[in-house]
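Since every read-out is calculated from the coordinates, none of them should be taken as a lab result. Note that the structure is predicted; figures quoted are calculated from it, not measured. Glycine also receives a Cβ, built like all others from the backbone with ideal geometry; neighbour counts cover every protein chain displayed.
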Amino acid sequence: MEKSYYHAHESAYQQIKSNGYVGWGNAKTLNDLGDNVTKQYLTDTVNRFFPEPKGKKALDVGCGTGTTAFMLSAMGMDVTGVDISETAIEMGRDLSKQQNLNINFVKGDVLELDKLNQKFDLIYDSHCLHCIVFEDDRQKVLTSAKKSLNEGGIFILDTMVMPNEPHDPAHTYDTLRFDEDYILWHKTKSSYAKGVIELNGQAWCAQRRIYPPHVVMAEVAKAGFVVISDRLDAQPNEVSMLRLVLR
Ligand SMILES: C[S@@+](CC[C@H](N)C(=O)[O-])C[C@H]1O[C@@H](n2cnc3c(N)ncnc32)[C@H](O)[C@@H]1O
């Protein structure tokens, strides 16, 4: 079934492009892409598991316009980036040409990584899993990633989590609603696809699933992963980043 929350990403990138930005977070130039904490963490983790990263096969899932794919490619890895948004993929191709980087950008769905017919030494998810709302879909992403790893390969998962429990579902803003099932909803006009509900005459589109860390841990275990390292970059009373290395 068509899922409304996928379309939200394509329109977001069309907006990003028409505003003259180069990526998520309204980055204006290549230098503005990505944050320093992620850059350092990714570099350290890749060096820890791949002392000689050159030529190792890496897959960046939900790569957007290439922010982290560029980092992996600059380390000498042979990188493929997958994203559901055609506009993001086109922008990624242009930006990698500008940097003389040779990255294989593919429009595709993280639920179906097997369609790539390839195995990877490293799979990296930077902020994609929390965009996958439904439990069955999230499990497909994780099992699909597990199957796409080479023997000895690792999956680095950086995902948003809600650290403070009990979570307060009363948070409703003008255009956003964060419910008791940890789903973040965004006001929308249409109600044609999976992921849209109607509440008091208003249509809401499911956008993010921001679980507490222990739920994500249970999900990765269910998909057959073993946690090699975990780190929580917590911000008081705010959404935080859980960074896992999985095998
Ligand atoms: C929050 S953005 C992060 C982009 C990039 N990884 C970064 O760190 O800047 C989430 C990305 O996941 C992509 N995405 C969401 N659902 C997807 C799916 N089912 N398959 C592939 N990509 C998806 C979106 O298009 C978007 O580029």
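What the table shows:
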| item | result |
| --- | --- |
| Distance (nanometres) between label positions extended 7 Å along Cα→Cβ at ASP230 and LYS189 | 4.3 |
| Relative contact order for the chain, counting Cα pairs under 8 Å that sit 6 or more residues apart, in percent | 17 |
| Mean residue ellipticity (222 nm) of the chain, computed from DSSP H runs ≥ 4 via -39,500 (n - 2.57), nearest 500 | -9000 deg cm²/dmol |
| Loop sites in the range 1-78: trypsin sites (Lys or Arg not before Pro), DSSP, at most 13 other Cβ within 10 Å | LYS28, LYS54 |
| Sequence of MET77, MET241 once ranked by neighbouring C-beta atoms within 10 Å, starting from the fewest | MET241, MET77 |
| Theoretical FRET efficiency, 1/(1+(r/R0)^6), r = Cβ-Cβ of ALA74 and THR175, R0 41 Å, to 0.05 | 0.65 |
| For GLN202, distant residues with modelled amide H under 5 Å away | none |
| Sequence of HIS130, HIS7, HIS214 once ranked by neighbouring C-beta atoms within 10 Å, starting from the fewest | HIS214, HIS7, HIS130 |
| Residues ASP94, ASP121, ASP136, sorted so that the one with the fewest Cβ neighbours within 10 Å comes first | ASP136, ASP94, ASP121 |
| Relative pair counts by distance (%), Cα atoms of the chain, 5 Å bins | 1, 6, 13, 17, 20, 18, 13, 7, 3, 1, 0, 0 |
| Rounded to whole Hz, the Karplus (6.51, -1.76, 1.60) HN-Hα couplings of the range 141-148, x for glycine and proline | 4, 5, 5, 5, 5, 4, 5, 8 |
